[in-house]
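The values are calculated or read from the model by the stated rules, or taken from the named source; none is laboratory data. The shown structure was predicted, so the numbers you read here are calculated from the model rather than taken from an experiment. Note: ideal-geometry Cβ built from the backbone for every residue, glycine included; neighbour counts use all protein chains shown. Each accessible area value is taken on the protein alone, full model and side chains, heavy atoms only, with ligands, DNA and RNA left out. Shrake-Rupley method; radii C 1.70, N 1.55, O 1.52, S 1.80 Å.
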Amino acid sequence: HLGGAPGARRPPARRHARRTTQVRRNAVVLGWIVLAAVLAVLVIGGPLASWGTWLPLHALLLGGIGSAITVWSAHFADTLLHRPALGGAVLLDIRLYAHGAGTLLVLTGITASAQALALAGVAVVVGAALTGVLAIAVQYRRAVAPRLAALAVHYAVALVLLATGAALGYLTSWAQARGSVHASDVFYVAHTTTMVLGFVGTTVLGTLTVLWPTMLRTRMEPEAPRWTGRGLPLLVTGTALIAASGLLAALAVPGTIVYPAGACGVVVPAVRTARRVPPTSFATASAAAAVIWFLIGVVRIGTGIGALALGDAGPQERVAAAREVIHG
């Protein structure tokens, strides 16, 4: 209860305004998902087949998932820190719409081979992400719930990784436009792994520390916040190692060890919670399955790229093969 005495009920007008705001923000996310679906149909079996799957994929990931994480990471940070964020709802809306505008510029610029437009879009996405880092940092300093406050650091780190991944994505396109296939492949490996393992993975794993026992309607394991906090540096290190494997394939091997080790900071307490209260609903079972598939994907990418170090292929052939591992 942030707005009054413990146990106080929100006035109906305030509850209605909050609900309307959440519906409006989630409508942005839904809009991106619908757009991605329409583009996918037009690309896979329609008149836009020559455009390739890059466009619907990034409409979904950068547009839809990026917008969803922008909204819900702020919501969870408010809950964990028991303090409103810097700028409150106004700054969150600005960040959400700026992220959407930047994404549109990126999609248009890359599709139309207009590098200046794409660069402008990346700059807007990076600016929105770093503004979120600032908001969470100020919020963290004012936190009144020290036990759970450290979990909000996941969101700040994830937004830094979003900014990094967006810049790497632009460099991928920039190198390809200049005919440097090898550099483009190196940036591609770094871009995709930073965004998926770093931005999305760090956000989701950090959130599950609190969300998982909430979904199971039970208490959190006492050691869960501490374990999750200790796992965060391992997640970032593992992401960095796998991201750099385009330069040196062997780096993917320690990355494949370090990243799951960091994920264990979330998974081990979650398993202990599930042993007390098994996941029997669709929501809890699907969340558990999603984490399992995600970690299988991490290991598949890491071992697949790491295995390339054993062959006799040159650097250019290895990084091209690494790109195909990620596609797989």
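Quick notes on this one:
- Portion, in percent, of the accessible area of the chain that falls on carbon or sulfur, probe 1.4 Å: 70
- Along the chain, the longest continuous region that contains none of the trypsin sites (Lys or Arg not before Pro) in a DSSP loop with at most 13 other C-beta atoms within 10 Å is 10-141.
- Dipole-positive endmost among V186, G100, P213 within the chain (Cβ charges, Cα centre): P213
- Region 197-263 and region 154-186 have their alpha-carbon centroids 21 Å apart.
- With K and R counted +1 and D and E -1, the other residues having a Cβ less than 14 Å from that of A152 yield a net charge of +3.
- Compared with the dominant Cα axis of the chain, that is its longest principal axis, helix 282-307 is turned about 30°.
- Stretched out straight at 0.36 nm per residue, the stretch from S50 to V138 would grow longer than its current Cα-Cα span by 27.1 nm.
- Length added when fully stretched, R230-S281, from 0.36 nm per residue minus Cα-Cα: 15.4 nm
- Region 164-223 - percent relative contact order, Cα under 8 Å, separation 6 or more: 28
- Averaging over all projection directions, the Cα-based convex hull of region 74-139 occupies 4.2 nm² in the image plane.
- Restricting the calculation to Cα atoms, every distinct pair contributes to the Kirkwood radius of region 131-194, found to be 13.4 Å.
- Placing unit charges on the Cβ atoms only, positive for Lys and Arg and negative for Asp and Glu, gives region 218-328 a dipole magnitude near 500 debye about its Cα centre.
- Legend: residues H82, H191, H99, sorted from most to least accessible area (1.4 Å probe; ligands, DNA and RNA excluded), read H82, H191, H99.
- Note on exposure: D312, D185 ranked by accessible area (1.4 Å probe, complete protein assembly) read D312, D185, with the most exposed listed first.
- The label-point distance for A17 and A37, in a model that sets each label 7 Å from Cα toward Cβ, rounds to 3.3 nm.
- Take the Kirkwood radius over Cα pairs of the chain, plug it into Stokes-Einstein at 20 °C and 1.002 mPa s, and you get 103 µm²/s for translational diffusion.
- Relative intensity, log₁₀ I(q)/I(0), of region 121-234 from a Debye sum that treats every alpha carbon as a point, q = 0.13, 0.19, 0.21, 0.22 Å⁻¹: -0.59, -0.98, -1.10, -1.15
- To the nearest ten degrees, helix 181-193 and the longest principal axis of the Cα atoms of the chain are 20 degrees apart.
- Here the contact order of the chain, divided by its residue count and restricted to Cα pairs under 8 Å and six or more residues apart, works out to 12 percent.
- Here the extension length gained between N26 and R219 equals 66.7 nm, from 0.36 nm per residue of separation less the Cα-Cα distance.
- Rg over Rh, two decimals, region 27-93 (C-alpha only, Kirkwood Rh): 1.19
- Our summary of shape: the Cα atoms of region 224-305 have principal axis extents of 44, 26, 14 Å, ordered from largest down, in whole angstrom.
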